[in-house]
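The values are calculated or read from the model by the stated rules, or taken from the named source; none is laboratory data. This structure is a prediction, so every number in the text was calculated from the model and none was measured. Virtual Cβ from ideal backbone geometry, glycine too; neighbours counted across all protein chains shown. For the accessible areas, the whole protein counts, side chains as well, though only heavy atoms, and no ligand, DNA or RNA atoms are used. Shrake-Rupley method; radii C 1.70, N 1.55, O 1.52, S 1.80 Å.
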Amino acid sequence: MAIVMVVLGHWVITALVRAPDGTITAPELLATVGWTQWLTLLFQIMPVFFLAGGYAAAGSWRRHREAGGGAAGWIRGRAVRLLLPAAAYVAIAVACLAVSRAAGVDPGLLGMVGWALAMQFWFLPVYLIVSALTPWLYAAHRRWGLAAAAASAVLAVAVDLVDLADRGSWIGAANHVLVWAVAYQLGFAWEDGRLAARRPLLWAVAGAGAAAFAALVAYGPFPVSLILVSTEEVSNTNPPSLAMLAWVLAQCALCLLAAPAMERALRAEWLWRLVRPLGRVSMTLYLWHMVPVLAAAAAFYLTDLAPEPVVGSGAWWAWRPVWIAVLALFLVGLLTALVPVERLLLRVGGAVRPQAEVRQPYAVLAGLAGLACAVWALTVWAGEGLARTGAPAGWTVAGFAAGTALVLLPPARAAVAPEAAGTG
């Protein structure tokens with residue numbers, strides 16, 4: 001549900017306009033049609049990613065530790081599974097942008113295309129960092145229980161108060177980890193059963209989170225939009241704010257309240273037939289779902305075939321279902337075309353041995369350096385796009401390539417971590 005909502009949300013709010021000179025612009029719907037910011041309450045589903053990620057990581061790390069595995073090998077294995085598909089996506093996107101620039105395509109257009117191709121990247125560095133902190137976050141959870149998640153929430157509140165007092169302060173960046181770590185740590189509590197029988201507490205958290213969000217929007221400086229809007233002085237996502245933290249708590253509590261019914265529903269084989277294929281391609285969907293938008297722009301807007309009612313008008317909304325259907329068809333074709341890439345990634349994934357233990361100090365340091373380089377490059381792209389000046393920036397590409405290579409580099413010793421099964 002989360003991955004589908006992310007894809008649909010990005011598709012719904014994407015508006016394209018063909019100028020008289022033939023160029024295409026993408027007006028910011030949430031800024032030009034103010035009421036659409038309320039739609040983000042439906043489509044901002046990222047807390048579910050971190051909640052489910054914490055649940056999965058808790059079981060994976062515990063089994064790994066119980067069998068004698070170390071932190072470095074586990075962290076590397078998680079990073080490999082994110083960086084491999086991201087590297088394939090970046091390589092193809094950067095190559096296409098470089099070729100287009102060499103062919104004389106307008107730098108402004110390529111800058112917009114590069115931004116569209118990287119708008120979803122913000123999730124990857126945050127998730128890589130939170131995953132790398134799992135051994136220590138889980139140790140805190142085992143010792144202090146829900147108080148560990150509460151501590152992250154309190155720190156996030158303090159950071160946001162400082163950031164509100166001094167806009168643009170470097171300390172605000174800490175909330176990119178702290179706020180999402182709250183959802184991640186609640187996933188730990190879900191996995192070990194601490195929250196299963198505490199439904200009154202979950203109802204209280206859901207109600208308090210929703211009430212706090214409403215109050216912060218109504219009486220505080222925070223906008224209702226749960227994604228970045230360029231016209232707003234205060235953002236709920238860059239960095240995550242008090243309002244976003246309230247939303248995280250409310251959404252996670254509601255998810256945990258719904259979990260028993262969802263688990264019962266998933267006993268039906270027909271539902272698993274829908275879940276399994278989406279699960280297999282979830283990372284592909286997340287990375288590639290804006291490519292159909294670019295394909296549709298070229299096919300229908302550059303050729304002047306697309307109807308172009310005023311953005312936000314009744315006619316424009318009436319065409320949205322058709323727009324979504326067209327993009328879905330493009331996406332199905334794209335997923336089919338990517339099958340060879342997926343098979344290659346499986347072979348490469350086996351060759352780099354993500355289940356291998358990392359024991360040597362130099363290998364640990366190299367892996368950490370590589371992870372830092374990859375996180376830096378992804379963060380730059382998330383903010384600027386893949387081609388801010390009309391061409392991919394060489395230093396950023398080199399940093400990501402080197403960092404990913406260091407993470408993927410198989411350890412010298414072929415020791416295999418205990419949890420080698422079920423890691424695909």
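In this structure, does Asp160 turn out to be of a type in the set (Asp, Glu) and open to solvent by 50 Å² or more (accessible area, probe 1.4 Å)? So Asp160 does not fit the description; no.
Among all positions in segment 316-336, there is no residue which is among the aliphatic types (A, V, I, L, M) and in a loop (DSSP other than H, G, I, E, B).
Does Ala118 satisfy being touching a Phe, Trp or Tyr at 6+ places or on another chain (Cβ under 7 Å), under 21 Å from Arg388 (Cβ atoms) and not basic (Lys, Arg)? Reasoning before the result, please.
Numbers: touching a Phe, Trp or Tyr at 6+ places or on another chain (Cβ under 7 Å): yes; under 21 Å from Arg388 (Cβ atoms): yes; not basic (Lys, Arg): yes.
Yes: the conditions hold for Ala118.
So which residues in segment 295-306 are in a helix (DSSP H, G or I) and open to solvent by less than 70 Å² (accessible area, probe 1.4 Å), if there are any at all?
Ala295, Ala296, Ala297, Ala298, Ala299, Tyr301 - these are the residues of segment 295-306 that are in a helix (DSSP H, G or I) and open to solvent by less than 70 Å² (accessible area, probe 1.4 Å).
Return yes when Val6 is over 30 Å from Arg143 (Cβ atoms), touching a Phe, Trp or Tyr at 6+ places or on another chain (Cβ under 9 Å) and open to solvent by less than 20 Å² (accessible area, probe 1.4 Å) and no when it is not.
Working: over 30 Å from Arg143 (Cβ atoms): yes; touching a Phe, Trp or Tyr at 6+ places or on another chain (Cβ under 9 Å): yes; open to solvent by less than 20 Å² (accessible area, probe 1.4 Å): yes.
So Val6 fits the description; yes.
If only one of Val375, Val380 is open to solvent by 30 Å² or more (accessible area, probe 1.4 Å) and either charged (D, E, K, R) or part of a helix (DSSP H, G or I) (or both), which one is it? Of Val375, Val380, the one residue that is open to solvent by 30 Å² or more (accessible area, probe 1.4 Å) and either charged (D, E, K, R) or part of a helix (DSSP H, G or I) (or both) is Val380.
If we scan segment 353-364, do we find a residue that is surrounded by 16 or more Cβ atoms within 10 Å (Cβ to Cβ), part of a helix (DSSP H, G or I) and not basic (Lys, Arg)? Quick ask: steps written out before the conclusion?
In the first step, residues of segment 353-364 are kept if they are surrounded by 16 or more Cβ atoms within 10 Å (Cβ to Cβ); the result is 353-358, 363-364.
Narrowing further to those that are part of a helix (DSSP H, G or I): 363-364.
Adding the requirement that they be not basic (Lys, Arg) leaves 363-364.
Yes, because at least one residue in segment 353-364 is surrounded by 16 or more Cβ atoms within 10 Å (Cβ to Cβ), part of a helix (DSSP H, G or I) and not basic (Lys, Arg).
Among the conditions (1) at pLDDT 95 or above; (2) more than 30 Å from Gly59 (Cα to Cα), the only one that Phe188 does not satisfy is (2).
Does segment 337-352 hold any residues that are within 30 Å of Val105 (Cα to Cα) and either part of a helix (DSSP H, G or I) or under 20 Å from the mean Cα position of the chain (by Cα) (or both), and which are they? Outline the logic, then answer.
Taking segment 337-352 as the starting set, the residues that turn out to be within 30 Å of Val105 (Cα to Cα) are 337-342.
Ala337, Val339, Pro340, Val341, Glu342 - these are the residues of segment 337-352 that are within 30 Å of Val105 (Cα to Cα) and either part of a helix (DSSP H, G or I) or under 20 Å from the mean Cα position of the chain (by Cα) (or both).
Looking across segment 385-405, the residues that are part of a helix (DSSP H, G or I) and buried (at least 17 other Cβ atoms within 10 Å of the Cβ) come down to Thr396, Val397, Gly399, Phe400, Ala401, Gly403, Thr404.
Do we find a residue being over 16 Å from the mean Cα position of the chain (by Cα) and at positive phi anywhere in segment 23-46? There is no residue in segment 23-46 that is over 16 Å from the mean Cα position of the chain (by Cα) and at positive phi.
With the structure loaded, tell me whether Arg62 is out of contact with any Cys (no Cβ under 9 Å at 6 or more places or on another chain), surrounded by fewer than 20 Cβ atoms within 10 Å (Cβ to Cβ), modelled with pLDDT under 90 and more than 24 Å from Trp247 (Cβ to Cβ) or whether it fails that test. Break it down into steps so the answer makes sense when it comes.
Values: out of contact with any Cys (no Cβ under 9 Å at 6 or more places or on another chain): yes; surrounded by fewer than 20 Cβ atoms within 10 Å (Cβ to Cβ): yes; modelled with pLDDT under 90: no; more than 24 Å from Trp247 (Cβ to Cβ): yes.
The answer is no for Arg62.
For (1) in contact with a His (Cβ under 6 Å, 6 or more places away or on another chain); (2) under 21 Å from Phe49 (Cβ atoms); (3) at pLDDT below 90; (4) of a type outside the set (Phe, Trp, Tyr), each residue gets a yes or a no:
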{"site": "Pro260", "(1), (2), (3), (4)": "no, yes, no, yes"}
{"site": "Leu278", "(1), (2), (3), (4)": "no, yes, yes, yes"}
{"site": "Ala296", "(1), (2), (3), (4)": "no, no, no, yes"}
{"site": "Asp304", "(1), (2), (3), (4)": "no, no, yes, yes"}
{"site": "Glu308", "(1), (2), (3), (4)": "no, no, yes, yes"}
{"site": "Gly314", "(1), (2), (3), (4)": "no, no, no, yes"}
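Counting the residues of segment 181-224 that are basic (Lys, Arg), touching a residue at least 40 places away in the same chain (Cβ under 8 Å) and in a loop (DSSP other than H, G, I, E, B) gives 1. Filtered by the rule that a residue be open to solvent by 60 Å² or more (accessible area, probe 1.4 Å) and within 21 Å of Val322 (Cβ to Cβ), segment 9-28 gives Arg18, Thr25. May I ask you to list the residues in segment 93-117 that are closer than 27 Å to Leu345 by Cα and without any contact (Cβ under 8 Å) to a residue 60 or more places away in the chain? Ala95, Cys96, Val99, Ser100 - these are the residues of segment 93-117 that are closer than 27 Å to Leu345 by Cα and without any contact (Cβ under 8 Å) to a residue 60 or more places away in the chain.
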